[in-house]
Amino acid sequence: FARHLEFFRRAGFTTLTFKDLKRFMKGERAYAEFPKKPLILTFDDGYRDNLHNAEPLLKAHGQRAVIFLLADHGITENNWDADTGEVPPELMTLDQKRRLDPAEWEIGSHGFNHLHLPQIPEIEALNEMQKSKHRLERDFGRGEVCAFAYPFGSTSERLAELARQAGYDFAVNTDQGGLHLADQPLSIFRVNIFP
């Protein structure tokens, strides 16, 4: 990760958050200030190593990122990838999540319970999105949560519409979606980097 951050710096990339993008889109910031090489770094789930390892590196390299957290703070380990045979990575507690420095991190929603949204009724999916947004806004007091990351990266046109109804301006997945922000702001493709 440190090598990636150094590469981004040398190559002239500037990290943004989704709130930054929203300010540009609403005209609150002049497009003359928009970076020539914008980049949004995202992290899903809220692993403890994001606080202990990633945050110091972001700070050292003057970079920012968006971390998509679960709103059920009682979930303390990744049980959705349990079939890998590895020890499940630990997730941050609410106290640890609150220690994430706002100078480095924007908070986004990854749902309430990390449910596979295409497999549940629409009303439950909408509730999962709305409830997580409101809980994270309440628990962190950092203003609006404007971005959502679909658990498992699974989405559809209908789920994108539900994300809009839930109050999100942006939503990201992993394997599909628009390559340009304006194409599908509620189904944005991301490049995955796994261990």
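The values are calculated or read from the model by the stated rules, or taken from the named source; none is laboratory data. Here the structure is a predicted model, which means the values were calculated and not measured. Using ideal geometry, Cβ is built from the backbone for each residue, glycine included, and neighbour counts are taken over all protein chains shown. Areas reflect the complete protein model, heavy atoms only, side chains present, ligands, DNA and RNA absent. Shrake-Rupley method; radii C 1.70, N 1.55, O 1.52, S 1.80 Å.
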> Would it be correct to say that residue 139 is over 19 Å from residue 192 (Cβ atoms), out of contact with any His (no Cβ under 6 Å at 6 or more places or on another chain), open to solvent by 50 Å² or more (accessible area, probe 1.4 Å) and part of a helix (DSSP H, G or I)?
Replying inline: no
>> Taking the condition of being assigned to a helix (DSSP H, G or I) and open to solvent by less than 10 Å² (accessible area, probe 1.4 Å), how many residues in the stretch 107-119 meet it?
In response: 1
> Inside the stretch 120-132, can you point out the residues that are touching a helix residue (DSSP H, G or I) at 6+ places or on another chain (Cβ under 9 Å), open to solvent by 30 Å² or more (accessible area, probe 1.4 Å), assigned to a helix (DSSP H, G or I) and without any contact (Cβ under 8 Å) to a residue 24 or more places away in the chain?
Replying inline: 124
> Could you list, in sequence order, the residues of the stretch 158-173 that are touching a Leu at 6+ places or on another chain (Cβ under 9 Å) and part of a helix (DSSP H, G or I)?
Replying inline: 159, 160, 161, 162, 163, 164, 165
> Is there a residue in the stretch 140-152 that is at pLDDT 95 or above, among the hydrophobic types (A, V, I, L, M, F, W, C) and out of contact with any helix residue (DSSP H, G or I) (no Cβ under 8 Å at 6 or more places or on another chain)?
Replying inline: yes
> Looking at the stretch 99-126, which of its residues are on the phi < 0 side of the Ramachandran plot and either in contact with a Phe, Trp or Tyr (Cβ under 8 Å, 6 or more places away or on another chain) or among the hydroxyl-bearing types (Ser, Thr, Tyr) (or both)?
Replying inline: 106, 107, 108, 109, 110, 116, 117
